[in-house]
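Inspection log for the structure reproduced underneath, given as structure tokens.
The values are calculated or read from the model by the stated rules, or taken from the named source; none is laboratory data. It should be emphasised that the depicted structure is a prediction, and the values quoted were computed from it without experimental measurement. Using ideal geometry, Cβ is built from the backbone for each residue, glycine included, and neighbour counts are taken over all protein chains shown. Only protein heavy atoms, including side chains, enter the accessible area calculation; ligands, DNA and RNA are left aside. Shrake-Rupley method; radii C 1.70, N 1.55, O 1.52, S 1.80 Å.
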Amino acid sequence: ARSADIQAKYRFITPGGLVAIVMWMIVLFFMFTGDAAHEVVAAWCVIIPFAILYYWYSFHTLIPRALPRKRPFTSYLGRTILVLALTGLPVGLFALLLSQNDEAAISITFLNMAFQLMVIAPFTWVVFQRYIRGNEELSFLKKELGQTNASFDFLRSQINPHFLFNALNTIYGTALQEKAERTSEGIEKLGDMMRFMLQENMQENIPLAREVEYLDNYIGLQRLRTDANPIVRIESAIQQPVAPVRIAPMLLIPFVENAFKHGISLREPSHIKINLELRGATLYFDVYNSKHEKQDTDPEKNKSGIGLNNVRQRLELMYPKKHELVIRETGREFFVHLTIQLT
């Protein structure tokens, strides 16, 4: 952050310029230690610092001022020649001071002009053009991202939660009037689950009690379709947390969804057992279920479903070295044991 503040205040300080200065000083050091010719050292001390200064000046002043012109590159070269002409005398005097030789000073002055005009000026122009293209691409991407976000916000606004909940309440009231108790119970649980997903699913963490409430609603909703079948056995021992601990939302439900998806068959004996316990700040969560092969006509047969790999990744990101996940699987059963330190 400090370096960014410095660069924002002093625009001419760039990483490339600093590298150029360091390289110039290193070469100058080797020239002194290697007994290089006095004129060569003088030329190095004049031409390269001038090139660095000229590059900075061109990049931030000369080229931007030339761009609005009809022929920007020609205008830029004209300004470059003017700058070189105006700085010719000071550069010559500085070269004379370093070389102590009139002929060497004149040669260094003209060599400097040629080097700046033939090498540094075109090089700076090319770098600036690449910089402009990069900024244009960045602006385009920001614009596209803004449009995408706006489109997403628009689509999301069409799904009005108030309308959705009002519709569910209407159906719920109708079911009560018709004495369809199981239907009204299912609608109530579904409404609570949808409210949870809309309001709390996007938070970084939520009270464990809310996650437990969501689990209870989901299991209750599933029981509505399985309780009437005597070959299906569902057991849940979910402890209501007393301590005000928090957990990442929707972290436990994938294991339960996976159990109901793969563990329930209305034609074969099936069982699911779910246990959740909080000891101190440590969560113990176990899901144990039967396994059944999907029928060939089942559209879910070839789908992996709930994405346990995704849950593993979330656990690694949110609770590194604070969790233990054990998954065991046989031909007929599936077992999950999860321990999380929630502090």
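For region 221-272, with equal point scatterers placed on the C-alpha atoms only and solvent neglected, what are the log10 I(q)/I(0) values from the Debye formula at q = 0.21 1/Å, to two decimals?
For the requested q values the scattering log ratios are -0.84.
Output ³J(HN,Hα) for region 32-46: one whole-Hz value per residue in order, computed from phi by the Karplus curve 6.51 cos²θ - 1.76 cosθ + 1.60 with θ = phi - 60°, and x for Gly and Pro.
With coefficients 6.51, -1.76 and 1.60, one gets 5, 6, x, 6, 5, 4, 4, 5, 5, 5, 4, 4, 5, 6, 9 Hz.
How much of L221 can a 1.4 Å solvent probe reach, expressed as accessible area in Å² and rounded to 10?
Here the accessible area works out near 50 Å².
Find the percent of Cα-Cα distances in region 21-110 that exceed 19 Å, and round it to a whole number.
Value for region 21-110: 50 percent of Cα pairs lie more than 19 Å apart.
Which value does Rg/Rh take for region 61-151 over its C-alpha atoms, Rh per Kirkwood?
1.26
Can you give me the P(r) profile for region 24-69? Cα pairs, bins 5 angstrom wide beginning at 0, each as a whole percent.
P(r) for region 24-69, in whole percents per bin: 5, 19, 21, 15, 11, 10, 8, 6, 3, 1.
Might you tell me the accessible area per residue for region 39-93, computed with a 1.4 Å probe and given in Å²?
54 Å²
Under a crude label model (7 Å from the Cα following the beta-carbon direction), how far is R246 from I231 in nanometres?
4.7 nm
Heavy atoms of the protein only, probe of 1.4 Å, neighbouring chains included. What is the accessible area of S107 in Å², nearest 10?
70 Å²
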